[in-house]
Each structure stands twice: as C-alpha cells, then as structure tokens.
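The values are calculated or read from the model by the stated rules, or taken from the named source; none is laboratory data. Keep in mind it's a predicted model, so treat the numbers as computed, not measured. Reconstructed Cβ throughout: ideal geometry from the backbone, glycine too, with neighbour counts over all protein chains shown.
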Amino acid sequence: MMKKLLLSSLVLTLVTLCTVMLTCRTPETHADEQTQKPTALDSDKNRTITVLDGDSSVKMTVYDYLVGVVAAEMPVSFEDEALKAQAVAARSYLERALDNPKHENADICTDFDCCQAYIGLSELRKKWGDSYDAYIIKIKNAVEATDGQYLSYEGKAALTAFHSSSDGTTESSGEVWSDVPYLVSVSTPETADTVPNYISTLTLADIDFRDTVLYLKPEADMTGDADEWIGKITRSDSGRVRSIIIGGVKLSGTELRELFTLRSTAFEISHADGKFTFTVTGYGHGVGMSQYGANEMAKNGSDYREILSHYYPGTELT
Ligand SMILES: [Zn+2]
C-alpha cells in the first residue's frame, strides 16, 4: 500500500514537472519559430533599410547599400576573397547599427567618420568610366557570394573595425578605444612592397612643431633646446606609440596622430637641423581587419572565412 502511494505520488510529481516544463518551453519554442525566418527574407535583396545620405534619407535594399559600401571602402582591384571579407565586415557593421540605432530617421549614414562610407552607382560610373561594367560585377559578386552573412560574438553582431594597413601587427582595441575580446593584436602580412605610401614622413620646423603641441597642450614647456623637448616614449605590444612626453607633458599616441594628421600611431620621431621628422608606417587606427593584409592573405590562397577568423578571432560567421 505504502509502495503504491509512493509510486502514485512520484507519477503525479513527474506529470506536474512535465506540465511545468512544457508550459515554460512554449514561449521559447514560439520565439525560435519567430527568429527562424525563411532564408529568402534574410537575403540582402529582400531587406530594405533607410540610409541617411547628406540631408536626405533614402530607402534601399541591403544589397544595394552594401555594394556602395564595399566599392567605397576597398579598392576594386583587390582579390575577390578580400572583397568578400569586406562585404561581411560591412554587413556586420550594418547589423550592429540596426541593433544600436544612432540616427533618428535612418538606420545608417554614408559619412565614414560616423558610420561607413558609401558611393552610389551614378558616382561609381563617373569614377570608374569605361571600367564600370567589369568593376561593378566584381563588387556585386562579393556581396552576393556572402548574402546575409555577418560576424557575431556571443549572439550579437560583432564590431568589425577595419583599417587600411598595419606595420606587421594589428592594434588591440584597448589601445585605441576600449577592450573588445575579438579586436586583439594579430600578425598581418602586408609590407612596403604591397602597400602604396606604406612609409610616410612629416617634417616640421621646430617652431611649427612647438606651436602645434602648444595648441593642444598649452602647459607644455617648449622653451630651451629643442633636442630636449621629446621625453619618454611608451609603445603598445604592436609597437605603436602609446604615449609620448613632449615638453614635460604626456600625450597619447592617438592624440599626437590627430594633432599632426599622421597616417597612423606606428611612428618614429627624430630631431636634426632645426626640424622634427615623423616616419610613419601603415595607415589607419590599426584595429581589426587590415585591408591590405586581407588582400595579401587572399593572394596567398586564404578564403574570406579564413581572413575574417584571422582578424576577428573568436567571432562566428552567422
Ligand atoms: Zn552615421
């Protein structure tokens, strides 16, 4: 009798538990069904976004938008796999913008300082002239071949920062903005042989150097011998300038880059004959994918998936 009672109470408990589990699971299952849209709806050509271009908001498909972004952000002469990597990076940036709206009446804008650069087809026709037909096919193929694909990290669209070229190693995000787990320093294969203007120099007379520094840091002591103005320089793991003491005042590498419009923070500074000279390597903030590096990887046989997982380690192609 006792056994029977125990058994029936066990059955009752199990039934109750199952009912609770089923009830609890119902909304989850429903949510899954809602997010698993048919593929055709996720296709770039079937999604419409609003793009702020100057003062006007323009409705266009994700496909048309991405063709304009890839054409604006990467040289069309680059390898197909590099262009595909750029298309995925651009789409990831868009997905992130859709998740975190920045503009009131638009999903994204065409100002590269704010969102991503974009060039419309009529502008591209003017820019490319007779080569338009051949070039636009290359860009369209890169967008179509990666249709709907973007990079994610822990279920959210990844921040796919990119830059033109680096000095052997990319920069960790924490050195420029704040730490992002997949924007870490990695090796990158481009060299002076493969990147135009890879090494650039800027030379200024002592007085111009002094006035520019005083504009940002009026408290700096720029009197006395100019040979003594530059103090300790600290560098990040990638070799870029993290900080520099000038006239007894500390400036970050990015502050100095902005102040003198240097192409990157990978620089050396020297002083001779009444002049300061910056010798700068690469172009851009150095974080995330190096575009010239991506092109070199593609030339060496890497596909866009390998390029993306190299520059954004830990992200998932979604
Ligand atoms: Zn914007």
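Condition first: under 18 Å from E306 (Cα atoms) and of a type in the set (F, W, Y). Now tell me which residues in region 137-186 satisfy that.
Scanning region 137-186 gives Y150, Y153, F162, Y182.
Only one of V20, V11, V70, V15 is at pLDDT 95 or above and hydrophobic (A, V, I, L, M, F, W, C); which?
V70
Can you work out which of the residues in region 109-130 that are touching a residue at least 12 places away in the same chain (Cβ under 8 Å) and away from the ligand (no atom under 16 Å from the Cβ) is nearest to L52 (Cα to Cα)?
Among those residues, the one meeting the criterion is G120.
Which strands (runs of 3 or more DSSP E) does region 220-318 wholly contain that include 1 or more residues that are at pLDDT 95 or above, under 19 Å from S164 (Cα atoms) and of a type outside the set (S, T, Y)?
Of the strands (runs of 3 or more DSSP E) lying wholly inside region 220-318, those with at least 1 residues that are at pLDDT 95 or above, under 19 Å from S164 (Cα atoms) and of a type outside the set (S, T, Y) span 241-246, 267-272, 275-281.
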